[in-house]
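The values are calculated or read from the model by the stated rules, or taken from the named source; none is laboratory data. Since the structure is predicted, the reported quantities are computational estimates derived from the model, not experimental observations. Because the Cβ atoms are built from the backbone with ideal geometry, glycine has one as well, and the counts that use them run over all protein chains shown.
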Amino acid sequence: MRKATAKRTTNETTVSVTINLDAPETPRVETGIGFFDHMLIAMATHAGIGLSIKVKGDLEVDGHHTVEDTGIVLGNALAKALGDKAGINRYGFFMLPMDESHAISRLDVSGRAFLVYKAFFANERIGDYETCLTREFFRALCTNAGFTLHISTNKGGNDHHKTEAIFKSFGHALRMAIAPRDGILSTKGVL
């Protein structure tokens, strides 16, 4: 089974992530940031994976360390669970409409970290979540998982819907990329 646990403790956060890529369970997420919890649960649900995240962060400062470190540890857990990446589709793509908004995620589980992020928000916050942290989360995740990810969303619409569309579209792209197939999808023979 493709599963892993990853942990990280710093002066700013303590993060623990357990992931199971083959067993969709009800996600359990506690970061202390309600909207972020909602996004991570939506992402895991749409990816069809089991996910447990527990974070204690310095929220008295702001949400940056909590969100970024969650991305770091989730990226580490994904990298561990995928191992040498043999037997996966490697690529995933999904366009997700959500009411007046939409998002597109294009994913390559390549071992090479890169993020292209084109999303604009009208508001600085959604509840207690800073909208600028979505980019920080995905940058940290890609860097530590070794993913190349292109995310974009439309300019108009509700910031809650746009952010949720981003996380859900990534979940679907991840589901497609980690789906089983024979061999390693690379002319090099390795990823």
Within the stretch 162-191, tally of residues that are surrounded by fewer than 21 Cβ atoms within 10 Å (Cβ to Cβ) and not in a helix (DSSP H, G or I):
13
Which condition from (1) in contact (Cβ under 8 Å) with a residue 60 or more places away in the chain; (2) crowded, with 22+ Cβ neighbours inside 10 Å; (3) under 30 Å from LEU59 (Cβ atoms) is the one that GLY146 breaks?
(2)
Residues of the stretch 41-55 that turn out to be among the hydrophobic types (A, V, I, L, M, F, W, C), touching a residue at least 60 places away in the same chain (Cβ under 8 Å) and touching a Pro at 6+ places or on another chain (Cβ under 7 Å), as a count:
2
Being small (Gly, Ala, Ser) and closer than 22 Å to LEU107 by Cα is the filter here; which residues of the stretch 38-77 pass it?
ALA42, ALA44, ALA47, GLY48, GLY50, GLY71, GLY75, ALA77
Please specify each residue of the stretch 64-92 satisfying the condition of being touching a strand residue (DSSP E or B) at 6+ places or on another chain (Cβ under 6 Å) and over 10 Å from ALA145 (Cβ atoms).
HIS65, THR66, ASP69, THR70, VAL73, GLY87, TYR91, GLY92
Can we say SER105 is surrounded by fewer than 23 Cβ atoms within 10 Å (Cβ to Cβ), of a type in the set (S, T, N, Q) and farther than 28 Å from THR14 by Cβ?
no
Of the numbered conditions (1) over 14 Å from the mean Cα position of the chain (by Cα); (2) polar (S, T, N, Q); (3) buried (at least 20 other Cβ atoms within 10 Å of the Cβ), ASN89 satisfies every one except a single condition; which is it?
(3)
Can you find even one residue in the stretch 110-118 that is touching a Phe, Trp or Tyr at 6+ places or on another chain (Cβ under 8 Å) and buried (at least 19 other Cβ atoms within 10 Å of the Cβ)?
no
Check the stretch 35-50 and report whether any residue there is at pLDDT 95 or above, surrounded by fewer than 15 Cβ atoms within 10 Å (Cβ to Cβ) and of a type outside the set (Lys, Arg).
no
